[in-house]
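Below is one structure; the comments refer to it alone.
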């Protein structure tokens with residue numbers, strides 16, 4: 001994207017934030033035969049601003065780039081979903097819990113408060129439902145395609161749980177990134193480290209991460225050490241709270257993990273229940289990795305052109 005386009009559009013957004021209708025709706029990108037417009041970008045900026053703390057304080061060029069990249073991720077997934085589903089509709093019994101979780105994430109306890117908030121921000125609830133529906137369908141697609149590829153060793157899980165009455169849990173955030181070739185790994189890593197130093201890990205995740213957690217400032221959440229692969233556990237064990245790993249090669253790219261907090265947890269449920277929870281956690285980790293691999297594969301086969 002030409003720099004002057006970025007700056008002109010960004011300046012308009014911040015000088016006239018409530019005048020979306022005055023924006024000339026121009027096509028800025030084509031992904032296969034699908035288009036992204038300047039109004040799409042403006043709407044995405046407004047959406048991300050309610051998810052990401054102090055998003056409007058980012059450098060204007062970065063706000064634009066992050067929003068465009070977010071839209072590209074969504075559009076690539078949408079195109080692939082249309083190849084696999086006749087209609088991109090999710091039953092309300094599955095969608096409503098996701099909407100409630102979204103509300104809680106924004107710290108709203110009532111639908112009325114949430115609706116009023118969106119109205120004041122000029123954000124459509126239908127657009128949020130669309131985003132959540134597509135993400136549910138994407139996760140369903142990934143599971144359908146790759147559930148047979150999952151490698152969950154229940155015997156190992158049982159043994160670990162039986163041998164350890166307590167275990168560490170880590171509050172983790174991530175930056176997942178790709179490079180064209182390994183020769184550029186250090187260059188990319190140094191750039192990310194500079195962002196972390198200047199802005200903090202969470203803001204660096206928003207700028208650099210290609211994972212879905214980028215919209216949540218890289219936050220993964222609390223993860224049991226028994227759910228972490230041995231290779232990654234070795235890296236994490238070297239860290240203190242507030243430190244991050246060097247890039248770790250994983251399926252789908254390179255991963256940097258940041259430890260916000262550590263706690264010891266005693267097992268309070270029966271063993272079978274603990275095993276079930278551990279299987280779910282490991283399943284989610286592996287599916288996320290498979291999702292990233294599949295996304296990168298289909299994106300490479302799509303034509304993405306600036307207009």
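The values are calculated or read from the model by the stated rules, or taken from the named source; none is laboratory data. As the structure is a prediction and not an experimental result, all values here were calculated from the model. We place every Cβ from the backbone using ideal geometry, glycine too, and count neighbours over all the protein chains shown.
Anything in the stretch 86-104 that is over 22 Å from residue 216 (Cβ atoms) and in contact (Cβ under 8 Å) with a residue 12 or more places away in the chain? List them, or say none.
Answer for the stretch 86-104, where residues must be over 22 Å from residue 216 (Cβ atoms) and in contact (Cβ under 8 Å) with a residue 12 or more places away in the chain: 88, 89.
Restricting to the stretch 102-111, give me the number of residues that are out of contact with any helix residue (DSSP H, G or I) (no Cβ under 9 Å at 6 or more places or on another chain) and part of a helix (DSSP H, G or I). Spell out how you get there, then give the answer.
Kept after step one, since they are out of contact with any helix residue (DSSP H, G or I) (no Cβ under 9 Å at 6 or more places or on another chain), are these residues of the stretch 102-111: 104, 107.
In the following step, the residues that additionally are part of a helix (DSSP H, G or I) were identified as 104.
Qualifying residue count, the stretch 102-111: 1.
Might you let me know whether the stretch 28-37 holds any residue that is in a helix (DSSP H, G or I), at pLDDT 90 or above and surrounded by fewer than 17 Cβ atoms within 10 Å (Cβ to Cβ)?
No; the residues of the stretch 28-37 include none that is in a helix (DSSP H, G or I), at pLDDT 90 or above and surrounded by fewer than 17 Cβ atoms within 10 Å (Cβ to Cβ).
Got a sec? Which of 83, 73, 107 is exposed (fewer than 13 other Cβ atoms within 10 Å of the Cβ) and either within 24 Å of residue 294 (Cα to Cα) or in contact (Cβ under 8 Å) with a residue 24 or more places away in the chain (or both)?
83
Can you confirm whether residue 114 is at pLDDT below 95, assigned by TED's automatic domain parsing to the domain that holds residue 51, part of a helix (DSSP H, G or I) and buried (at least 17 other Cβ atoms within 10 Å of the Cβ)?
yes
When you scan the stretch 220-252, how many residues do you find that are at pLDDT 90 or above and on the phi > 0 side of the Ramachandran plot?
Counting residues in the stretch 220-252 that are at pLDDT 90 or above and on the phi > 0 side of the Ramachandran plot gives 2.
Within the stretch 102-110, is even one residue more than 27 Å from residue 203 (Cβ to Cβ) and modelled with pLDDT under 90? Give the derivation first.
To start, the set of residues in the stretch 102-110 that are more than 27 Å from residue 203 (Cβ to Cβ) comprises 109-110.
Now restrict to residues that are modelled with pLDDT under 90: 109-110.
Yes: one or more hits.
Filter the stretch 148-166 down to residues that are assigned to a helix (DSSP H, G or I) and in contact (Cβ under 8 Å) with a residue 60 or more places away in the chain, then give me how many there are.
Result for the stretch 148-166: 7.
Out of all the residues in the stretch 77-93, which are within 22 Å of the chain's Cα centre (by Cα) and in a loop (DSSP other than H, G, I, E, B)?
Within the stretch 77-93, 88, 89, 90 qualify.
When the stretch 167-187 is examined, which residues are found to be assigned to a helix (DSSP H, G or I) and either without any contact (Cβ under 8 Å) to a residue 24 or more places away in the chain or within 24 Å of residue 226 (Cβ to Cβ) (or both)?
182, 183, 184, 186, 187
Mind listing whichever residues of the stretch 41-55 are part of a helix (DSSP H, G or I) and either under 24 Å from residue 292 (Cβ atoms) or touching a helix residue (DSSP H, G or I) at 6+ places or on another chain (Cβ under 6 Å) (or both)?
Filtering the stretch 41-55 down to residues part of a helix (DSSP H, G or I) leaves 41-51, 55.
Within the stretch 41-55, 41, 42, 44, 45, 47, 48, 49, 51, 55 qualify.
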